[in-house]
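Worksheet: the structure to be examined is printed underneath.
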Amino acid sequence: MFRFFIIIIILITYLSCSKSPTEPEKKVITGTVYLEGKTNHSGVKIGIYRHIDKNDTLQSFQEEYPSVGSDRIKDIGFDHRSAKELKYTLTNRNGSFILDFAYEKNIILVIEKEKFGWRYYNLDNKHEHNIYCTLKKTQVLTAEILKGNAIDKSRFYRIDNDIEISNANVEIDSGTIFMFKANTSLTFKNCTIAANGTRSVPIRFLSDEF
């Protein structure tokens with residue numbers, strides 16, 4: 001009998017020591033995404049991505065521009081188009097969605113829809129996140145838009161041809177994203193540029209190739 005109890009104690013000890021590590025805490029994201037000019041807001045992809053590690057190029061950038069914080073370097077380096085989402089869902093007709101995920105550091109939420117671009121959100125360790133945003137239609141950038149200071153906040157602009165602006169005051173609001181077609185350029189000559197990007201809502205210049 002005594003031997004039987006010894007065996008039971010050994011088994012209990014073994015099982016308790018062999019348990020898997022505690023799983024990451026589950027978090028929940030809910031929200032609504034509206035598509036500009038649409039009444040059906042379904043099909044917007046809501047994806048969870050893990051941030052890439054800094055590569056040699058980003059390391060060199062930080063060494064050359066030490067005044068730019070490491071968090072901003074990390075934001076500059078992230079491009080979800082070259083990554084695979086950990087988990088995703090799609091919005092319904094009303095634009096609503098709910099997504100649960102296992103929290104870990106360096107997690108980014110990506111909201112995207114073809115012809116409407118995308119938005120990034122850094123997720124912290126809160127139990128619940130509520131996201132509400134409007135995705136605006138992608139627009140082809142022209143010199144007239146720039147000269148007339150008609151840049152729309154948080155809109156995607158495509159640069160399909162070379163654009164040159166001279167002798168103008170240009171204001172670019174936070175959240176604006178410029179997507180360049182291969183071998184195109186945007187040139188400013190004798191211009192005053194007010195770039196109003198922020199750390200949390202930067203202005204981005206991207207290539208349509210990645």
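Our coupling estimate for the range 184-192, obtained by passing each phi through the Karplus curve with A = 6.51, B = -1.76, C = 1.60 and θ = phi - 60°, is 10, 9, 10, 10, 10, 10, 6, 10, 9 Hz, Gly and Pro reported as x.
At R0 = 22 Å, how high is the FRET efficiency between L90 and K137 if r is their beta carbon distance? Nearest 0.05 is fine.
Working from the Cβ atoms, E equals 0.70.
A full extension of the chain between H129 and R204 corresponds to an added length of 24.6 nm, given 0.36 nm per residue minus the alpha carbon distance.
Using the Cα centre of the range 80-186 as the reference point, and only Cβ charges (+1 on K/R, -1 on D/E), how large is the resulting charge dipole? Debye, rounded to the nearest 20.
Details: 16 positive and 14 negative charges, 62 e Å.
I would put it at about 300 debye.
The DSSP beta bridges internal to the range 99-194 are antiparallel in roughly 30% of cases. Max-minus-min Cα coordinates of the range 80-129 on each principal axis give 30, 27, 15 Å, with the largest extent listed first.
The ratio of the alpha-carbon radius of gyration of the range 99-194 to the globular-protein estimate 2.2 N^0.38 Å is 1.35. For the range 105-191, trypsin sites (Lys or Arg not before Pro) are listed when DSSP marks them as loop and at most 15 other Cβ atoms sit within 10 Å of their Cβ; the list is K105, K115, K126, K137, K153, K181.
Bear in mind these aren't lab numbers, they're just calculated from the coordinates by the rules spelled out. These figures come from a predicted structure and were not determined experimentally. Every residue, glycine among them, receives a Cβ derived from its backbone with ideal geometry; neighbour counts consider all protein chains shown.
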